[in-house]
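Undergrad: Take a look at this one; I'll ask things after.
The values are calculated or read from the model by the stated rules, or taken from the named source; none is laboratory data. It should be emphasised that the depicted structure is a prediction, and the values quoted were computed from it without experimental measurement. For neighbour counting, all protein chains shown are included, and Cβ atoms are generated from backbone atoms with ideal geometry for every residue, glycine included. The accessibility values were calculated without ligands, DNA or RNA, using every heavy atom of the protein model including side chains. Shrake-Rupley method; radii C 1.70, N 1.55, O 1.52, S 1.80 Å.
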Amino acid sequence: MSGFDVNRLDDAIHGRLRLGIMAYLADAEAADFNELKGVLEATQGNLSVHLSKLEDAGYVEIVKGYQGKKPLTRVHITSAGRQAFARYIEVLSGLVEKRT
């Protein structure tokens, strides 16, 4: 199968939770930590680990602040993250499209 190269998938995005984060943020632009935790049905610790991996890759920006006196963590997709997600979807599509 010429052109079939699973190694082109971005390891920083590949994985159920990281893929879910990127897909959600690609549409929403930003979300707070608890929103992501609920939508993705993730534990706090698991979500934190995966967000850190995406932040290290430069795909998301994590902003910590307060809403009143309550801590608030917001996650934003970066321009690099949006581009990487688009490439990931393109590669994934290429892997599953019908070959002739």
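Undergrad: Need the failing condition index for Tyr24 against (1) under 19 Å from Ala86 (Cβ atoms); (2) of a type outside the set (Gly, Ala, Ser); (3) in a helix (DSSP H, G or I); (4) open to solvent by 90 Å² or more (accessible area, probe 1.4 Å), just the number.
TA: Failed condition: (4).
Undergrad: What pairs come up if the first residue lies in the range 69-97 and is free of Cβ contacts under 8 Å to residues at least 24 places away in the same chain and surrounded by fewer than 13 Cβ atoms within 10 Å (Cβ to Cβ), the second is aliphatic (A, V, I, L, M) and assigned to a helix (DSSP H, G or I), and their beta carbons are under 9 Å apart, counting only those six or more places apart or on different chains?
TA: Short answer, once both residue conditions are applied: Ala86/Ala26.
Undergrad: What are the residues in the range 71-100 that are part of a helix (DSSP H, G or I), in contact with a strand residue (DSSP E or B) (Cβ under 6 Å, 6 or more places away or on another chain) and either more than 29 Å from Asn34 (Cβ to Cβ) or of a type in the set (Lys, Arg) (or both), if any? Give the derivation first.
TA: Initially, the range 71-100 is screened for residues part of a helix (DSSP H, G or I), giving 79-96.
From what's left, in contact with a strand residue (DSSP E or B) (Cβ under 6 Å, 6 or more places away or on another chain): 81.
Within the range 71-100, no residue meets the criteria.
Undergrad: Under 9 Å by Cβ, and 6 or more places apart or on different chains, what pairs join a residue from the range 52-63 that is in a loop (DSSP other than H, G, I, E, B) with one that is of a type in the set (Ser, Thr, Tyr)?
TA: Sorted first by the residue in the range 52-63, then by its partner, the pairs are Gly58/Thr78; Tyr59/Thr78.
Undergrad: Among (1) surrounded by 13 or more Cβ atoms within 10 Å (Cβ to Cβ); (2) at positive phi, where does Glu41 come up short?
TA: The single condition Glu41 does not satisfy is (1).
Undergrad: While we're looking at this one, here's another question. Condition first: of a type in the set (Phe, Trp, Tyr) and under 15 Å from the mean Cα position of the chain (by Cα). Now tell me which residues in the range 30-89 satisfy that.
TA: Across the range 30-89, the qualifying residues are Phe33, Tyr59, Phe85, Tyr88.
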